[in-house]
Amino acid sequence: MGGIAVSLGPEADPAVFRQMLAILAPRGEVTETRSETGLLTGVRRLPVVDRKRAVQPWVSADERWVLCYNGEVFNHHELRAELTALGHRFRGASDTEVVLAGYLHWGEAMVSRLRGEYAFVIVERASGRAYLVRDPLGVKPLYWTQTPGCVHVASEVKALVGFGAPVTEVPPGHHGWVQADVAACLRPYVNLLALGAGLPIVDDPDEAALLVRAALTDSIRARLDTDLTVGVVLSGGLDSSLALLHARELHPDCVAVTVGVPESPDLRYARRLAKDLGVPHEVVELQPRDIRLAQIREAIRISELTEYGDIINAVVSVPLFRRLRELGVKVALTGDGSDELFGGYPMYHRVGPQDAHRLFLHKISNLGRTELQRVDRTSMAYGVEARVPFLDPRVVELAMRLPIGLKLRAGQEKWIVRRAFADLLPDYIRRRPKNPMSYSSGLHERARLYKPVFARLHRSFRYDLAEPVRRDFGRVLTSCGNDLDRAIAAGRARPDYTVLEHARDLVGAAKWNALPVVRRLVGPRRSPGDDVPSPG
């Protein structure tokens with residue numbers, strides 16, 4: 001894991017390149033570079049796999065190719081064995097080396113063999129071309145921009161905005177070539193929205209439960225293949241609880257970290273589960289009053305996000321990953337993606353079955369620039385490698401084959417996941433309804449006070465060079481009467497918020513934030529004996 005920076009072309013400037021790499025410094029612990037005329041490559045590396053020998057940029061034995069790599073390929077052991085049998089000799093035990101060896105043997109067809117969360121650049125030194133690759137879901141980021149005589153590639157937008165040129169992302173599941181003063185040629189190597197196409201629908205609950213359990217268990221276990229202490233971002237809900245249950249089995253020294261309002265339901269559920277499992281539990285308490293303009297600004301600076309819901313989640317995620325870093329944890333599991341895959345959002349209830357599946361596809365295709373962007377930026381801002389087992393392509397493919405009736409049943413979201421792990425989950429977790437922390441604790445509405453400045457803050461960092469301000473899709477869908485076609489069209493238009501909308505948001509948020517004060521003023525007074533527990 002880490003951050004990538006590459007400047008390629010006759011106008012590559014070492015001083016500018018050093019600034020790019022310095023901006024990515026929080027993503028890792030070690031700065032490693034290779035410089036030559038017309039080619040500047042560097043990585044801010046977070047050592048996780050083969051920590052001493054996986055030095056980057058990684059150079060092929062014949063020095064023709066240079067690799068800058070971010071992420072992890074979870075099946076690198078299997079690929080290493082296959083390449084060894086084909087005659088390749090390895091210098092170390094890292095997945096970094098396996099990626100370049102795989103490219104040298106299979107060429108661009110190599111990408112279809114990778115299972116993981118990754119983004120990387122392979123430069124052919126003689127031709128001045130760079131081959132860019134991003135994982136199918138877009139868990140790991142990659143961006144590029146061109147200036148006269150140079151193409152620049154980096155892991156974050158903030159490392160590229162200084163050039164003042166449009167910044168373009170490598171879309172999830174895409175690969176291809178870029179070079180100075182030549183138009184990029186990127187194309188998909190996997191059609192994310194076609195995963196599972198041609199395979200039979202799984203509508204039998206028993207079969208579906210077995211398949212869901214097998215796929216998720218395999219995905220979680222693959223992401224626990226490390227000798228480092230593993231952290232789990234524990235919300236007290238279904239998905240993160242499953243991650244913790246598996247982590248405790250394979251990593252008895254794992255630690256759970258929860259962020260939330262003191263005495264909130266989230267903290268109570270999380271504390272109970274951690275205690276029942278005997279897992280050390282760190283709690284980062286956050287009150288609505290702790291969210292101020294400085295926290296909003298920092299969340300937007302770190303995350304590079306535009307949509308309101310993602311920004312409030314980033315505000316909450318920042319102190320959580322900061323605490324993981326303080327604990328010395330470099331690898332963490334999260335439950336992100338389950339709501340999108342298994343019907344965890346109220347919007348899935350408000351449309352018909354056919355539109356629910358189309359909505360599901362829309363949410364999945366946008367994860368790379370919303371939820372996954374928030375997870376990557378807020379975790380890597382503190383040098384923590386966050387892994388997302390619910391978004392393994394094999395799990396996504398299975399979710400594509402499940403009808404909405406197995407995801408939402410009898411008013412219960414993620415029904416099939418609950419059934420799949422019914423014997424493993426404590427009843428208090430399995431039966432708990434979804435209760436998003438930010439909406440239930442006042443944190444969401446507190447952040448809403450600052451919504452009128454979100455767009456201005458986003459533009460102040462020049463992030464609009466890559467992504468204009470977008471409206472939250474959930475709100476767009478509601479405003480369009482849950483008409484999916486209208487909502488998608490309105491989302492593409494991406495109009496900025498009007499002054500009237502800003503005023504309405506501010507008034508509504510002020511009223512909501514005033515309610516607790518009013519309740520305290522007009523509510524019944526407590527007598528001194530009210531806090532004394534009854535005998536026995």
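The values are calculated or read from the model by the stated rules, or taken from the named source; none is laboratory data. The model shown is predicted, which means the values in this text are computed figures rather than measured ones. In this analysis, Cβ positions are derived from the backbone assuming ideal geometry, glycine residues included, and neighbour counts consider all displayed protein chains. Side chains included, ligands, DNA and RNA excluded: accessible areas come from the protein's heavy atoms. Shrake-Rupley method; radii C 1.70, N 1.55, O 1.52, S 1.80 Å.
Among the numbered conditions (1) in a loop (DSSP other than H, G, I, E, B); (2) without any contact (Cβ under 8 Å) to a residue 12 or more places away in the chain; (3) touching a helix residue (DSSP H, G or I) at 6+ places or on another chain (Cβ under 8 Å), tell me where Lys52 comes up short.
It is condition (3) that Lys52 fails.
Yes or no: the range 15-31 includes at least one residue that is touching a helix residue (DSSP H, G or I) at 6+ places or on another chain (Cβ under 8 Å), open to solvent by 60 Å² or more (accessible area, probe 1.4 Å) and at pLDDT below 95.
yes
Pairs please, first residue from the range 452-476 and in a helix (DSSP H, G or I), second anywhere and at pLDDT 90 or above and surrounded by fewer than 19 Cβ atoms within 10 Å (Cβ to Cβ), Cβ atoms under 7 Å, 6+ apart in sequence or on different chains.
The qualifying pairs are Leu457/Arg297; His458/Asp464; Leu465/Pro166.
Determine the pairs where a residue that is of a type in the set (Phe, Trp, Tyr), located within the range 126-137, has a partner that is open to solvent by 20 Å² or more (accessible area, probe 1.4 Å) with Cβ atoms under 6 Å apart, the partner being 6 or more residues away or on another chain.
Tyr131/Trp177
Given the conditions (1) open to solvent by 30 Å² or more (accessible area, probe 1.4 Å); (2) closer than 27 Å to Gly368 by Cβ; (3) β-branched (Val, Ile, Thr), report the number of the one that Val55 does not fulfil.
(2)
State whether one or more residues within the range 396-417 are under 28 Å from Val170 (Cα atoms), surrounded by fewer than 22 Cβ atoms within 10 Å (Cβ to Cβ) and under 16 Å from the mean Cα position of the chain (by Cα).
The answer is no; no qualifying residue exists.
Quick grid of which residues meet (1) closer than 27 Å to Lys363 by Cα; (2) charged (D, E, K, R); (3) not in a loop (DSSP other than H, G, I, E, B):
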| residue | (1), (2), (3) |
| --- | --- |
| Gly138 | yes, no, no |
| Gln146 | no, no, yes |
| Pro172 | yes, no, no |
| His175 | yes, no, yes |
| Ala183 | no, no, yes |
| Leu186 | yes, no, yes |
| Leu199 | yes, no, no |
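Could you check the range 210-253 and list, in sequence order, the residues that are in contact with a Lys or Arg (Cβ under 6 Å, 6 or more places away or on another chain), at pLDDT 95 or above and either among the acidic types (Asp, Glu) or under 25 Å from Asp50 (Cβ atoms) (or both)?
Passing the criteria: only Arg223.
Condition first: under 28 Å from Gly9 (Cβ atoms), in a loop (DSSP other than H, G, I, E, B) and β-branched (Val, Ile, Thr). Now tell me which residues in the range 26-49 satisfy that.
Thr37
Return the residues of the range 238-269 that are part of a loop (DSSP other than H, G, I, E, B) and either surrounded by 24 or more Cβ atoms within 10 Å (Cβ to Cβ) or among the charged types (D, E, K, R) (or both); say none if nothing qualifies.
Restricting attention to the range 238-269, the residues satisfying the condition of being part of a loop (DSSP other than H, G, I, E, B) are 251-254, 261-264.
Within the range 238-269, Asp253, Cys254, Glu263 meet the criteria.
Among residues belonging to the range 162-174 that are closer than 25 Å to Leu137 by Cβ and more than 17 Å from the chain's Cα centre (by Cα), point out the one that is most open to solvent (accessible area, probe 1.4 Å). It would help to see each step written out before you state the result.
So the first thing to find is which residues in the range 162-174 are closer than 25 Å to Leu137 by Cβ, and the list is 166-174.
Filter once more, keeping what is more than 17 Å from the chain's Cα centre (by Cα): 166-168, 174.
Details: Pro166: 95, Val167: 9, Thr168: 57, His174: 42 Å².
For the range 162-174, the residue satisfying everything is Pro166.
Out of everything in the range 103-114 that is within 22 Å of Leu391 (Cβ to Cβ) and touching a Leu at 6+ places or on another chain (Cβ under 9 Å), what residue ends up being surrounded by the most Cβ atoms within 10 Å (Cβ to Cβ)? Before the answer, list the steps.
First, the residues of the range 103-114 that are within 22 Å of Leu391 (Cβ to Cβ): 110-114.
Among the residues that remain, those that are also touching a Leu at 6+ places or on another chain (Cβ under 9 Å) are: 110, 113-114.
Values: Met110: 21, Arg113: 13, Leu114: 23.
Top of the filtered list is Leu114.
Can you pull out every residue in the range 270-300 that is open to solvent by 20 Å² or more (accessible area, probe 1.4 Å), out of contact with any helix residue (DSSP H, G or I) (no Cβ under 6 Å at 6 or more places or on another chain) and part of a helix (DSSP H, G or I)?
Within the range 270-300, Arg271, Arg272, Lys275, Asp276, Arg289, Asp290, Leu293, Ala294, Glu298 meet the criteria.
The rows are residues; the columns are (1) closer than 21 Å to Val396 by Cβ; (2) charged (D, E, K, R); (3) touching a residue at least 12 places away in the same chain (Cβ under 8 Å).
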{"residue": "Asp276", "(1), (2), (3)": "no, yes, yes"}
{"residue": "Glu282", "(1), (2), (3)": "no, yes, yes"}
{"residue": "Leu286", "(1), (2), (3)": "no, no, yes"}
{"residue": "Leu305", "(1), (2), (3)": "no, no, yes"}
{"residue": "Tyr348", "(1), (2), (3)": "yes, no, yes"}
{"residue": "Pro353", "(1), (2), (3)": "yes, no, yes"}
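Would the range 337-344 turn up any residue that is hydroxyl-bearing (Ser, Thr, Tyr), over 27 Å from Arg492 (Cα atoms), touching a residue at least 24 places away in the same chain (Cβ under 8 Å) and surrounded by 22 or more Cβ atoms within 10 Å (Cβ to Cβ)?
We begin by selecting, within the range 337-344, every residue hydroxyl-bearing (Ser, Thr, Tyr); these are 338.
Still in the list and also over 27 Å from Arg492 (Cα atoms): none.
Within the range 337-344, not a single residue is hydroxyl-bearing (Ser, Thr, Tyr), over 27 Å from Arg492 (Cα atoms), touching a residue at least 24 places away in the same chain (Cβ under 8 Å) and surrounded by 22 or more Cβ atoms within 10 Å (Cβ to Cβ).
So which residues in the range 81-102 are part of a helix (DSSP H, G or I), open to solvent by less than 40 Å² (accessible area, probe 1.4 Å) and not aliphatic (A, V, I, L, M)?
Taking the range 81-102 and keeping what is part of a helix (DSSP H, G or I), we get 81-85, 95-102.
Remaining after also requiring open to solvent by less than 40 Å² (accessible area, probe 1.4 Å): 83, 95-102.
The answer is Asp95, Thr96, Glu97, Gly102.
Kindly provide the set of residues from the range 55-73 that are within 18 Å of Met380 (Cβ to Cβ) and either of a type in the set (A, V, I, L, M, F, W, C) or part of a helix (DSSP H, G or I) (or both), ordered by number.
Of the residues in the range 55-73, the ones within 18 Å of Met380 (Cβ to Cβ) are 56, 68-73.
Within the range 55-73, Cys68, Val73 meet the criteria.
What is the one condition in (1) modelled with pLDDT of 85 or more; (2) part of a helix (DSSP H, G or I) that Glu445 does not satisfy?
All conditions are met except number (1).
Residues that are of a type in the set (Val, Ile, Thr), touching a residue at least 12 places away in the same chain (Cβ under 8 Å) and either in contact with a strand residue (DSSP E or B) (Cβ under 9 Å, 6 or more places away or on another chain) or more than 30 Å from Asp485 (Cβ to Cβ) (or both): does the range 390-401 have at least one?
Going residue by residue through the range 390-401, those that are of a type in the set (Val, Ile, Thr) are 395-396.
Of the ones still in play, those that are also touching a residue at least 12 places away in the same chain (Cβ under 8 Å) are 395-396.
Next, from what is left, pick out any that are either in contact with a strand residue (DSSP E or B) (Cβ under 9 Å, 6 or more places away or on another chain) or more than 30 Å from Asp485 (Cβ to Cβ) (or both): none.
The answer is no; no qualifying residue exists.
Among the candidates Arg456, Arg492, Arg470, single out the residue that is closer than 30 Å to Gly164 by Cβ, surrounded by 14 or more Cβ atoms within 10 Å (Cβ to Cβ) and at pLDDT 65 or above. Spell out the reasoning first.
Details: Arg456 fails: surrounded by 14 or more Cβ atoms within 10 Å (Cβ to Cβ); Arg492 fails: surrounded by 14 or more Cβ atoms within 10 Å (Cβ to Cβ).
Of the residues listed, the single one that is closer than 30 Å to Gly164 by Cβ, surrounded by 14 or more Cβ atoms within 10 Å (Cβ to Cβ) and at pLDDT 65 or above is Arg470.
With the requirement that a residue be over 24 Å from Leu391 (Cα atoms) and in a helix (DSSP H, G or I), what does the range 320-341 give you?
Hits for the range 320-341 are Arg323, Glu326.
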